[in-house]
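What follows is one structure encoded as structure tokens, with my remarks underneath.
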């Protein structure tokens with residue numbers, strides 16, 4: 001009821017009505033789940049709203065599914081992903097190299113990001129992004145499009161806000177990637193709401209760990225709370241944005257972070273456009 005609600009949240013009154021239970025009974029059980037970190041509580045006037053805590057989203061969704069979610073991808077599926085990517089990167093990378101990146105990307109998503117849902121498709125996307133970055137970093141492909149990498153701790157809040165805003169403003173003029181030094185299992189739903197309020201979609205983004213080739217392929221590297229985790233390479237423009245982590249903020253607090261990031265992203269895009277015009 002909560003996960004599928006608009007904005008991923010429901011007030012106590014609605015939940016009580018849907019369940020056919022008294023409000024005190026529903027409030028008690030919701031409070032217990034909030035105390036356990038499963039739900040997040042927010043009050044607007046007299047209305048109390050509950051949403052699933054971003055860090056527990058996968059656990060909650062998996063617990064109510066009729067079929068269990070596999071925590072790893074079958075070797076045959078990984079083999080198909082590798083073969084498909086070999087078609088895409090024909091003439092650039094060998095099947096052996098691609099297979100290695102697919103397997104490593106799968107392991108990173110499972111062990112570091114804790115991702116379980118849609119793991120095969122996310123593995124394919126993560127591996128493709130990394131291979132594209134590797135081709136750029138090693139000079140195997142000619143592409144003058146500026147590459148911008150946003151890095152925060154969980155890759156579930158600040159970096160996702162920044163990347164979505166930059167993609168919306170720049171379109172194809174800039175290629176945008178995101179990473180996390182300690183990626184979460186899912187994106188903070190308040191981030192999705194805050195972006196939707198200003199007409200920006202997050203699309204199919206997901207938290208992913210920081211890897212070396214995406215840094216090497218980037219012209220601009222913007223860190224937010226995790227500068228020490230990012231390797232330094234010459235020839236890149238490094239910026240560190242001092243921003244609060246939205247993870248523990250109310251929606252109003254997330255809006256403030258969004259607006260701050262919006263101003264910074266617009267200034268960054270102006271700098272990028274000026275450099276390209278020079």
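Per-structure values
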read-out	value
Flag if residue 199 is surrounded by fewer than 21 Cβ atoms within 10 Å (Cβ to Cβ) and under 11 Å from the mean Cα position of the chain (by Cα)	no
Filter result for the condition that a residue is touching a helix residue (DSSP H, G or I) at 6+ places or on another chain (Cβ under 8 Å), crowded, with 21+ Cβ neighbours inside 10 Å, in a helix (DSSP H, G or I) and touching a residue at least 12 places away in the same chain (Cβ under 8 Å), over 149, 134, 169	134
Candidates 222, 232, filtered to the one that is part of a loop (DSSP other than H, G, I, E, B) and either in contact with a strand residue (DSSP E or B) (Cβ under 8 Å, 6 or more places away or on another chain) or free of Cβ contacts under 8 Å to residues at least 12 places away in the same chain (or both)	232
Unique match (being part of a helix (DSSP H, G or I) and modelled with pLDDT of 95 or more) among 195, 177	195
Boolean, residue 178 is touching a residue at least 60 places away in the same chain (Cβ under 8 Å) and surrounded by 15 or more Cβ atoms within 10 Å (Cβ to Cβ)	no
Residues of the range 242-278 satisfying the condition of being more than 18 Å from the chain's Cα centre (by Cα) and not in a helix (DSSP H, G or I)	242, 250, 278
Enumerated helices (runs of 4 or more DSSP H) restricted to the range 21-103, each holding at least 1 residues that are modelled with pLDDT of 85 or more	23-35, 75-88
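The values are calculated or read from the model by the stated rules, or taken from the named source; none is laboratory data. Everything numeric in this text was worked out from a predicted model, so none of it was measured. Here the Cβ is made from the backbone with ideal geometry for all residues, glycine too, and neighbour counts use every protein chain on show.
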